[in-house]
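Since every read-out is calculated from the coordinates, none of them should be taken as a lab result. All values reported here derive from a predicted model rather than from experimental measurement. Note that we place each Cβ from the backbone using ideal geometry, even for glycine, and neighbour counts take in every protein chain shown.
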Amino acid sequence: MRTPSSFWAEVVLPSIRAKVAKILYSKGYSQIKIAKELGVTQAMVSKYLSKYTLPELLEPIEDEIDTIALTIAEMMEKNAGKEDIIKVLERKFFDLLLDEKFCRLYEKYSGVRGIVCREILPGTSRKEILDELAKALDILLKDEKFPELIPEIRSNFAHSIPNPKSVNDVAAIPGRITLVKGKPYAMPPEFGASRHTARLLIKISRYNPSIRAVLNVRFGEDVKNALERSGLKIYYLSKENRSEEETEDEIAGAFREESWDVVVDPGGYGVEPCVYIFGRDPLEVVGKLKKIEQNL
């Protein structure tokens, strides 16, 4: 029987491995080292690098696969433990069970109604939410390019439980991410630590419950050019004066019909322009940030 987990293992994971192999190879890793990192043979790595192409079935979620691959490659470069990488991959699978595109592709693969994906999803504990945000934050704080993207208002990074109802259902960074002697610094994440990003995720969840993480960075001409080259789906708000809550409502409204990777608020009188990067979880957000950084 073709289950969602078999679709993930037989079709999606090989595509992620192939993309991770190509990323690591482009950064100077040998085929032998890549094989060791991925837990496959060198012959398989050679196939990934020379012959592998994304199955046509997976084209609708290629951006998601790219983002996962960037995240995993980044963790491998930072010598993350295999247990942490495995946990990230499995959580990505659970996140995709909420994704309508993934469910439709599973239906094509199996002949079983895609709705079964969402009906098997387990609950998510608050400890898991904090752990996921802390892992992504650690990568962010070690990112050499991130300091130049912190806005004057500082950055915050938030992650919610499924279907959040109040600010206490959203974990974020107390006091935001700031710069200390030119390096990013942050307190450990806590629930109820941010009103703005929390309200934003709560409002978006009414239209797209799979979006549960957000990071804000600065906006400028260099960032605009990088965004346009990144391949991410971008929504631009109109440039006008709004209250914070009006901005939240307008961003959330953009998710009523479509899902966006990035929303740009060009600001208004006395309001700093800002870029919001969204994802299903914090590591996906970091993966999207990496795509932007690669084009800066």
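The table that follows gives values for the structure above.
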{"read-out": "Subset tally (residues that are touching a Leu at 6+ places or on another chain (Cβ under 6 Å) and hydrophobic (A, V, I, L, M, F, W, C)) for the stretch 161-185", "value": "2"}
{"read-out": "Selection status of residue 194, crowded, with 18+ Cβ neighbours inside 10 Å, among the small types (Gly, Ala, Ser), closer than 19 Å to residue 158 by Cβ and without any contact (Cβ under 8 Å) to a residue 40 or more places away in the chain", "value": "yes"}
{"read-out": "Scan of the stretch 225-271 for residues that are acidic (Asp, Glu) and in contact with a strand residue (DSSP E or B) (Cβ under 6 Å, 6 or more places away or on another chain), ordered by number", "value": "240, 265"}
{"read-out": "The stretch 102-150, residues that are assigned to a helix (DSSP H, G or I), within 30 Å of residue 181 (Cβ to Cβ) and of a type outside the set (D, E, K, R)", "value": "130, 133, 134, 136, 137, 139, 140, 141, 146, 147, 149"}
{"read-out": "Residue in the stretch 258-279 that is in a helix (DSSP H, G or I), in contact (Cβ under 8 Å) with a residue 24 or more places away in the chain, surrounded by 21 or more Cβ atoms within 10 Å (Cβ to Cβ) and under 15 Å from the mean Cα position of the chain (by Cα) present", "value": "no"}
{"read-out": "Residue 248, sole failed condition from (1) surrounded by fewer than 17 Cβ atoms within 10 Å (Cβ to Cβ); (2) part of a helix (DSSP H, G or I); (3) in contact with a helix residue (DSSP H, G or I) (Cβ under 9 Å, 6 or more places away or on another chain)", "value": "(1)"}
{"read-out": "Spans of strands (runs of 3 or more DSSP E) in the stretch 174-224 with at least 2 residues over 21 Å from residue 261 (Cα atoms) and in contact with a strand residue (DSSP E or B) (Cβ under 9 Å, 6 or more places away or on another chain)", "value": "178-180, 183-185"}
{"read-out": "Residues within the stretch 3-47 that are outside any helix (DSSP H, G or I), touching a residue at least 40 places away in the same chain (Cβ under 8 Å) and surrounded by 13 or more Cβ atoms within 10 Å (Cβ to Cβ), tallied", "value": "1"}
